[in-house]
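Written out below as structure tokens is the structure these notes cover.
The values are calculated or read from the model by the stated rules, or taken from the named source; none is laboratory data. None of these values were measured; they are calculated from a predicted model. Ligands, DNA and RNA are excluded from the accessible area calculation, which covers all protein heavy atoms including side chains. Shrake-Rupley method; radii C 1.70, N 1.55, O 1.52, S 1.80 Å.
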Amino acid sequence: MMRMADTDENGQISKEEATAVADKMFTQMDTDKDGFITADDLPKRGFWGR
């Protein structure tokens, strides 16, 4: 995750970089694009594949 979030590759994650990663994750999880993450948005097997 560190490499993915540290977009300027300076060895640190800024608040802006962390926010960008969180926004991307939220967008991916909000499968029905209603602005909320609910149980219906999660895969039936569970988010972590269990």
Practice task
Kindly indicate whether Arg50 is at pLDDT below 95 and not in a helix (DSSP H, G or I).
Solution key: yes
Completion exercise
Among residues of the range 1-40 being more than 13 Å from the chain's Cα centre (by Cα) and among the acidic types (Asp, Glu), the residue least open to solvent (accessible area, probe 1.4 Å) is Asp6
